[in-house]
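**Student:** For reference, the structure I am asking about is given below.
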(Lines give C-alpha, C1' and ligand atoms only; values in the text may rest on other atoms or scores of the structure.)
Protein backbone atom coordinates (compact mmCIF):
# COMPACT_ATOMS: atom_id res chain seq x y z
CA UNK A 1 0.00 0.00 0.00
CA UNK A 2 1.11 3.57 -0.64
CA UNK A 3 1.01 5.91 2.31
CA UNK A 4 2.82 8.57 4.30
CA UNK A 5 6.45 8.15 5.25
CA UNK A 6 7.14 6.58 8.64
CA UNK A 7 10.59 7.20 10.14
CA UNK A 8 11.64 4.18 12.21
CA UNK A 9 14.42 5.00 14.67
CA UNK A 10 16.62 2.19 16.00
CA UNK A 11 19.32 3.05 18.59
CA UNK A 12 22.14 0.51 18.30
CA UNK A 13 24.82 -0.30 20.85
CA UNK A 14 26.72 -3.63 21.01
CA UNK A 15 23.81 -5.83 19.94
CA UNK A 16 25.38 -7.80 17.09
CA UNK A 17 23.78 -11.00 18.43
CA UNK A 18 20.24 -9.69 17.80
CA UNK A 19 20.61 -6.88 15.29
CA UNK A 20 20.06 -8.73 12.00
CA UNK A 21 16.83 -10.29 13.28
CA UNK A 22 15.56 -6.88 14.34
CA UNK A 23 16.46 -5.07 11.11
CA UNK A 24 15.08 -7.91 8.99
CA UNK A 25 11.74 -7.61 10.80
CA UNK A 26 11.62 -3.91 9.88
CA UNK A 27 12.75 -4.06 6.24
CA UNK A 28 10.36 -6.97 5.59
CA UNK A 29 7.33 -5.06 6.82
CA UNK A 30 4.30 -5.16 4.54
CA UNK A 31 4.19 -1.36 4.86
CA UNK A 32 7.08 -0.29 2.62
CA UNK A 33 7.18 3.51 2.86
CA UNK A 34 9.68 3.53 5.70
CA UNK A 35 12.75 5.58 6.49
CA UNK A 36 14.87 3.33 8.71
CA UNK A 37 17.37 5.31 10.79
CA UNK A 38 19.98 3.13 12.51
CA UNK A 39 22.00 5.10 15.06
CA UNK A 40 25.24 3.35 15.96
CA UNK A 41 25.95 4.78 19.41
CA UNK A 42 29.68 4.07 19.48
CA UNK A 43 29.39 0.28 19.36
CA UNK A 44 32.61 -1.64 20.02
CA UNK A 45 31.40 -4.90 18.45
CA UNK A 46 30.30 -5.48 14.83
CA UNK A 47 26.97 -3.66 15.22
CA UNK A 48 28.12 -0.60 13.28
CA UNK A 49 29.37 -2.71 10.37
CA UNK A 50 26.10 -4.64 10.27
CA UNK A 51 24.21 -1.34 10.02
CA UNK A 52 26.40 -0.30 7.07
CA UNK A 53 25.76 -3.64 5.34
CA UNK A 54 22.00 -3.05 5.44
CA UNK A 55 22.37 0.54 4.21
CA UNK A 56 24.21 -0.83 1.17
CA UNK A 57 21.40 -3.32 0.50
CA UNK A 58 18.32 -1.14 1.10
CA UNK A 59 18.12 2.54 0.14
CA UNK A 60 15.54 3.13 2.88
CA UNK A 61 18.19 2.47 5.53
CA UNK A 62 20.21 5.41 6.82
CA UNK A 63 23.07 4.99 9.29
CA UNK A 64 24.41 7.50 11.78
CA UNK A 65 27.66 6.69 13.58
CA UNK A 66 28.33 8.68 16.74
CA UNK A 67 30.28 8.59 19.97
CA UNK A 68 28.54 6.77 22.79
CA UNK A 69 26.19 8.98 24.81
CA UNK A 70 23.32 6.66 25.66
CA UNK A 71 20.09 5.63 23.98
CA UNK A 72 18.28 8.94 24.49
CA UNK A 73 21.05 10.93 22.82
CA UNK A 74 21.01 8.55 19.86
CA UNK A 75 17.24 8.82 19.51
CA UNK A 76 17.23 12.61 19.76
CA UNK A 77 19.85 12.89 17.03
CA UNK A 78 17.67 10.75 14.76
CA UNK A 79 14.56 12.78 15.60
CA UNK A 80 16.33 15.93 14.46
CA UNK A 81 16.88 14.48 10.97
CA UNK A 82 13.76 12.29 10.57
CA UNK A 83 11.69 13.09 7.48
CA UNK A 84 8.58 11.03 8.16
CA UNK A 85 5.11 12.34 8.91
CA UNK A 86 5.00 9.58 11.49
CA UNK A 87 7.71 8.45 13.90
CA UNK A 88 8.28 4.93 15.21
CA UNK A 89 10.92 3.35 17.44
CA UNK A 90 12.26 -0.17 17.68
CA UNK A 91 14.80 -1.60 20.09
CA UNK A 92 17.52 -3.58 18.29
CA UNK A 93 16.83 -6.81 20.20
CA UNK A 94 13.03 -6.84 19.85
CA UNK A 95 10.73 -8.36 17.24
CA UNK A 96 7.56 -7.18 15.48
CA UNK A 97 4.66 -8.57 13.50
CA UNK A 98 5.21 -8.20 9.74
CA UNK A 99 2.09 -5.99 9.59
CA UNK A 100 3.04 -3.90 12.63
CA UNK A 101 3.50 -0.57 10.84
CA UNK A 102 0.75 -1.23 8.32
CA UNK A 103 -1.82 -1.91 11.02
CA UNK A 104 -0.87 1.07 13.17
CA UNK A 105 -0.75 3.35 10.13
CA UNK A 106 -4.22 2.31 8.95
CA UNK A 107 -5.68 3.01 12.39
CA UNK A 108 -3.81 6.32 12.77
CA UNK A 109 -5.09 7.57 9.43
CA UNK A 110 -8.62 6.24 9.88
CA UNK A 111 -9.11 7.83 13.28
CA UNK A 112 -6.67 10.76 13.00
CA UNK A 113 -4.86 9.83 16.20
CA UNK A 114 -1.70 11.46 17.55
CA UNK A 115 -0.28 8.34 19.22
CA UNK A 116 -1.40 4.92 18.00
CA UNK A 117 -0.28 1.90 19.98
CA UNK A 118 -0.78 -1.85 20.27
CA UNK A 119 -0.44 -4.50 22.93
CA UNK A 120 2.88 -6.25 23.38
CA UNK A 121 4.32 -9.32 25.06
CA UNK A 122 7.39 -9.21 27.29
CA UNK A 123 9.81 -12.15 27.05
CA UNK A 124 13.16 -13.17 28.47
CA UNK A 125 16.40 -12.99 26.53
CA UNK A 126 16.71 -16.77 26.31
CA UNK A 127 13.29 -17.19 24.67
CA UNK A 128 13.02 -17.67 20.91
CA UNK A 129 11.15 -14.46 20.11
CA UNK A 130 10.16 -15.66 16.65
CA UNK A 131 8.22 -18.49 18.28
CA UNK A 132 6.46 -16.21 20.75
CA UNK A 133 2.81 -15.79 19.83
CA UNK A 134 1.99 -12.53 18.09
CA UNK A 135 -1.12 -12.00 16.07
CA UNK A 136 -0.12 -12.03 12.40
CA UNK A 137 -3.16 -10.26 11.04
CA UNK A 138 -4.17 -7.26 8.98
CA UNK A 139 -6.34 -4.71 10.71
CA UNK A 140 -10.04 -4.92 9.96
CA UNK A 141 -12.95 -2.51 10.36
CA UNK A 142 -14.13 -3.66 13.75
CA UNK A 143 -10.93 -4.11 15.72
CA UNK A 144 -10.78 -3.99 19.52
CA UNK A 145 -9.59 -0.40 19.91
CA UNK A 146 -9.69 2.08 22.77
CA UNK A 147 -9.53 5.88 22.52
CA UNK A 148 -8.10 8.27 25.10
CA UNK A 149 -6.90 11.86 25.22
CA UNK A 150 -3.61 13.21 26.56
CA UNK A 151 -4.72 13.24 30.19
CA UNK A 152 -6.04 9.71 29.66
CA UNK A 153 -2.55 8.67 28.61
CA UNK A 154 -1.08 10.18 31.78
CA UNK A 155 -3.73 8.38 33.84
CA UNK A 156 -2.59 5.08 32.30
CA UNK A 157 0.96 5.84 33.47
CA UNK A 158 -0.32 6.10 37.02
CA UNK A 159 -2.96 3.38 37.04
CA UNK A 160 -2.72 0.24 39.17
CA UNK A 161 -2.68 -2.18 36.21
CA UNK A 162 1.04 -2.88 35.71
CA UNK A 163 0.61 -4.43 32.24
CA UNK A 164 -1.25 -1.34 31.04
CA UNK A 165 1.37 0.92 32.64
CA UNK A 166 4.19 -0.95 30.88
CA UNK A 167 2.51 -0.76 27.47
CA UNK A 168 1.92 2.96 28.01
CA UNK A 169 5.37 3.95 29.25
CA UNK A 170 7.44 2.22 26.55
CA UNK A 171 7.99 4.07 23.28
CA UNK A 172 8.39 1.11 20.91
CA UNK A 173 4.83 -0.27 20.54
CA UNK A 174 3.56 2.95 18.95
CA UNK A 175 3.66 5.33 16.03
CA UNK A 176 3.44 9.07 16.60
CA UNK A 177 2.51 12.02 14.44
CA UNK A 178 5.75 13.93 14.05
CA UNK A 179 4.25 17.10 15.55
CA UNK A 180 3.83 15.30 18.87
CA UNK A 181 7.59 15.77 19.28
CA UNK A 182 7.46 19.52 18.70
CA UNK A 183 9.73 21.04 21.39
CA UNK A 184 10.03 17.63 23.10
CA UNK A 185 13.03 15.32 23.15
CA UNK A 186 13.88 12.30 25.28
CA UNK A 187 15.52 12.93 28.62
CA UNK A 188 19.22 12.26 28.06
CA UNK A 189 19.86 9.93 30.95
CA UNK A 190 21.05 6.34 30.64
CA UNK A 191 18.09 4.84 32.45
CA UNK A 192 14.34 5.55 32.56
CA UNK A 193 14.64 8.06 29.69
CA UNK A 194 11.00 7.31 28.85
CA UNK A 195 9.85 8.34 32.32
CA UNK A 196 11.21 11.82 31.73
CA UNK A 197 9.45 12.09 28.37
CA UNK A 198 6.31 10.02 27.80
CA UNK A 199 4.06 12.09 30.06
CA UNK A 200 5.10 15.18 28.08
CA UNK A 201 4.28 13.46 24.79
CA UNK A 202 0.83 12.39 26.01
CA UNK A 203 0.12 15.86 27.36
CA UNK A 204 0.99 17.17 23.89
CA UNK A 205 -1.83 15.11 22.29
CA UNK A 206 -5.61 15.32 21.89
CA UNK A 207 -6.63 11.92 20.54
CA UNK A 208 -4.85 8.59 20.96
CA UNK A 209 -5.70 4.97 20.25
CA UNK A 210 -4.73 1.56 21.56
CA UNK A 211 -5.35 -1.63 19.63
CA UNK A 212 -5.70 -4.55 22.03
CA UNK A 213 -3.80 -7.07 19.93
CA UNK A 214 -0.21 -8.15 20.44
CA UNK A 215 2.05 -6.86 17.68
CA UNK A 216 5.36 -6.24 19.48
CA UNK A 217 7.71 -8.65 21.31
CA UNK A 218 9.66 -6.77 24.00
CA UNK A 219 12.85 -8.61 25.00
CA UNK A 220 14.20 -8.10 28.52
CA UNK A 221 17.93 -8.78 28.50
CA UNK A 222 19.93 -9.53 31.66
CA UNK A 223 22.52 -6.96 30.57
CA UNK A 224 19.99 -4.21 29.78
CA UNK A 225 20.29 -0.86 31.54
CA UNK A 226 17.36 -1.44 33.90
CA UNK A 227 19.00 -4.65 35.17
CA UNK A 228 22.26 -2.96 36.12
CA UNK A 229 23.16 -2.26 39.78
CA UNK A 230 21.20 0.56 41.41
CA UNK A 231 22.67 4.04 41.06
CA UNK A 232 21.64 7.60 41.88
CA UNK A 233 20.54 8.06 38.28
CA UNK A 234 17.50 5.88 38.99
CA UNK A 235 16.23 8.58 41.36
CA UNK A 236 15.43 10.68 38.28
CA UNK A 237 12.29 8.56 37.93
CA UNK A 238 11.03 10.25 41.12
CA UNK A 239 11.64 13.65 39.51
CA UNK A 240 9.37 12.66 36.61
CA UNK A 241 6.61 11.61 39.01
CA UNK A 242 6.98 14.87 40.93
CA UNK A 243 6.47 16.81 37.71
CA UNK A 244 3.24 14.90 37.08
CA UNK A 245 2.08 15.62 40.63
CA UNK A 246 2.55 19.33 39.94
CA UNK A 247 0.81 19.07 36.57
CA UNK A 248 -2.18 17.22 38.04
CA UNK A 249 -2.45 19.82 40.81
CA UNK A 250 -2.42 22.60 38.22
CA UNK A 251 -5.23 20.84 36.34
CA UNK A 252 -7.12 20.33 39.63
CA UNK A 253 -7.45 16.57 39.03
CA UNK A 254 -7.27 15.42 42.64
CA UNK A 255 -7.67 11.70 41.85
CA UNK A 256 -4.75 11.89 39.40
CA UNK A 257 -2.71 13.81 41.99
CA UNK A 258 -3.26 11.03 44.49
CA UNK A 259 -2.53 8.33 41.91
CA UNK A 260 0.78 10.08 41.22
CA UNK A 261 1.58 10.06 44.94
CA UNK A 262 0.72 6.34 45.08
CA UNK A 263 3.13 5.64 42.22
CA UNK A 264 5.77 7.73 44.01
CA UNK A 265 5.41 5.64 47.18
CA UNK A 266 5.37 2.34 45.27
CA UNK A 267 8.57 3.37 43.50
CA UNK A 268 10.38 4.24 46.72
CA UNK A 269 9.40 0.91 48.30
CA UNK A 270 10.69 -0.89 45.20
CA UNK A 271 13.91 1.13 45.24
CA UNK A 272 14.48 0.31 48.94
CA UNK A 273 14.32 -3.36 48.03
CA UNK A 274 16.64 -2.86 45.05
CA UNK A 275 19.42 -1.12 46.99
CA UNK A 276 19.78 -4.21 49.20
CA UNK A 277 21.76 -5.75 46.35
CA UNK A 278 25.38 -6.10 47.50
CA UNK A 279 26.62 -4.40 44.30
CA UNK A 280 24.84 -1.13 45.11
CA UNK A 281 27.18 1.83 45.60
CA UNK A 282 26.44 4.43 48.34
CA UNK A 283 23.63 2.32 49.78
CA UNK A 284 23.26 4.20 53.06
CA UNK A 285 23.16 7.57 51.30
CA UNK A 286 20.55 6.28 48.84
CA UNK A 287 18.48 4.83 51.67
CA UNK A 288 18.52 8.15 53.54
CA UNK A 289 17.38 10.03 50.42
CA UNK A 290 14.54 7.58 49.79
CA UNK A 291 13.36 7.65 53.41
CA UNK A 292 13.41 11.45 53.51
CA UNK A 293 11.51 11.73 50.23
CA UNK A 294 8.87 9.22 51.30
CA UNK A 295 8.18 10.98 54.60
CA UNK A 296 7.93 14.39 52.95
CA UNK A 297 5.56 13.29 50.18
CA UNK A 298 3.49 11.12 52.50
CA UNK A 299 2.59 14.12 54.64
CA UNK A 300 1.64 16.09 51.53
CA UNK A 301 -0.56 13.30 50.19
CA UNK A 302 -2.42 12.59 53.43
CA UNK A 303 -3.29 16.28 53.78
CA UNK A 304 -4.95 16.25 50.35
CA UNK A 305 -7.40 13.43 51.10
CA UNK A 306 -11.03 14.49 51.46
CA UNK A 307 -14.37 12.71 51.77
CA UNK A 308 -14.49 11.88 48.06
CA UNK A 309 -10.99 10.41 48.03
CA UNK A 310 -11.03 8.61 51.38
CA UNK A 311 -10.28 5.27 49.68
CA UNK A 312 -6.76 6.51 49.02
CA UNK A 313 -6.04 6.69 52.76
CA UNK A 314 -6.10 2.89 53.03
CA UNK A 315 -3.89 2.54 49.95
CA UNK A 316 -1.37 4.96 51.41
CA UNK A 317 -1.45 3.29 54.83
CA UNK A 318 -0.72 -0.08 53.21
CA UNK A 319 2.19 1.44 51.32
CA UNK A 320 3.42 3.04 54.54
CA UNK A 321 3.52 -0.42 56.15
CA UNK A 322 5.50 -1.80 53.21
CA UNK A 323 7.83 1.19 53.40
CA UNK A 324 8.49 0.69 57.11
CA UNK A 325 9.29 -2.97 56.53
CA UNK A 326 11.60 -2.21 53.60
CA UNK A 327 13.28 0.54 55.59
CA UNK A 328 13.92 -1.66 58.65
CA UNK A 329 15.19 -4.71 56.81
CA UNK A 330 18.96 -4.90 57.20
CA UNK A 331 21.05 -3.83 54.22
CA UNK A 332 24.18 -5.96 54.10
CA UNK A 333 27.42 -4.01 53.85
CA UNK A 334 30.50 -5.81 52.50
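The values are calculated or read from the model by the stated rules, or taken from the named source; none is laboratory data. Just so you know, these numbers come straight off a predicted model, no measurement behind them. Because the Cβ atoms are built from the backbone with ideal geometry, glycine has one as well, and the counts that use them run over all protein chains shown.
**Student:** In this structure, is residue 154 over 17 Å from residue 104 (Cβ atoms), over 12 Å from the mean Cα position of the chain (by Cα) and surrounded by 16 or more Cβ atoms within 10 Å (Cβ to Cβ)?
**Tutor:** Details: over 17 Å from residue 104 (Cβ atoms): yes; over 12 Å from the mean Cα position of the chain (by Cα): yes; surrounded by 16 or more Cβ atoms within 10 Å (Cβ to Cβ): yes.
Answer is yes for this residue.
**Student:** Scanning the range 108-135 for residues that are modelled with pLDDT of 90 or more, part of a loop (DSSP other than H, G, I, E, B) and within 17 Å of residue 173 (Cβ to Cβ), which turns out farthest from the chain's Cα centre (by Cα)? Before you say what the answer is, go through the steps one by one.
**Tutor:** Keep residues of the range 108-135 that are modelled with pLDDT of 90 or more, which gives 108-120.
This time we only want the ones that are part of a loop (DSSP other than H, G, I, E, B), so: 112-114.
Next, from what is left, pick out any that are within 17 Å of residue 173 (Cβ to Cβ): 113-114.
Working: 113: 19, 114: 17 Å.
Ranking the qualifying residues of the range 108-135, first place goes to 113.
**Student:** Scan the range 206-224 for residues that are part of a loop (DSSP other than H, G, I, E, B) and modelled with pLDDT of 95 or more and report the count.
**Tutor:** Residues in the range 206-224 being part of a loop (DSSP other than H, G, I, E, B) and modelled with pLDDT of 95 or more: 2 in total.
**Student:** Residue 288 - would you say it is assigned to a helix (DSSP H, G or I), closer than 20 Å to residue 254 by Cα and without any contact (Cβ under 8 Å) to a residue 12 or more places away in the chain?
**Tutor:** Against the criterion (assigned to a helix (DSSP H, G or I), closer than 20 Å to residue 254 by Cα and without any contact (Cβ under 8 Å) to a residue 12 or more places away in the chain), residue 288 does not qualify.
**Student:** Could you tell me which residue of the range 195-210 is farthest from residue 244 (Cα to Cα), considering only residues that are buried (at least 21 other Cβ atoms within 10 Å of the Cβ) and touching a helix residue (DSSP H, G or I) at 6+ places or on another chain (Cβ under 7 Å)?
**Tutor:** 209
**Student:** List the helices (runs of 4 or more DSSP H) inside the range 143-205, counting only whole elements, that have at least 1 residues being within 22 Å of residue 26 (Cα to Cα). Let's see the steps before the verdict.
**Tutor:** Working: elements: 150-157, 162-169, 198-203.
Once the helices (runs of 4 or more DSSP H) in the range 143-205 are filtered for at least 1 residues that are within 22 Å of residue 26 (Cα to Cα), what remains is 162-169.
**Student:** Condition first: touching a residue at least 24 places away in the same chain (Cβ under 8 Å), more than 13 Å from residue 9 (Cβ to Cβ), part of a helix (DSSP H, G or I) and out of contact with any strand residue (DSSP E or B) (no Cβ under 8 Å at 6 or more places or on another chain). Now tell me which residues in the range 52-107 satisfy that.
**Tutor:** Passing the criteria: 102, 106.
**Student:** Going by what's in this entry, would residue 25 be described as surrounded by fewer than 20 Cβ atoms within 10 Å (Cβ to Cβ) and assigned by TED's automatic domain parsing to the domain that holds residue 180?
**Tutor:** So residue 25 passes the test.
**Student:** Quick one: which of 54, 95, 86 is modelled with pLDDT of 95 or more and within 22 Å of the chain's Cα centre (by Cα)?
**Tutor:** On the way: 54 fails: within 22 Å of the chain's Cα centre (by Cα); 95 fails: modelled with pLDDT of 95 or more.
Matching residue, one of 54, 95, 86: 86.
Per-residue answers, yes or no, for (1) assigned by TED's automatic domain parsing to the domain that holds residue 152; (2) touching a strand residue (DSSP E or B) at 6+ places or on another chain (Cβ under 8 Å); (3) in contact (Cβ under 8 Å) with a residue 40 or more places away in the chain; (4) not in a loop (DSSP other than H, G, I, E, B):
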site	(1), (2), (3), (4)
239	no, no, yes, yes
259	no, no, yes, yes
272	no, no, yes, yes
281	no, no, yes, no
300	no, no, no, yes
303	no, no, no, yes
319	no, no, yes, yes
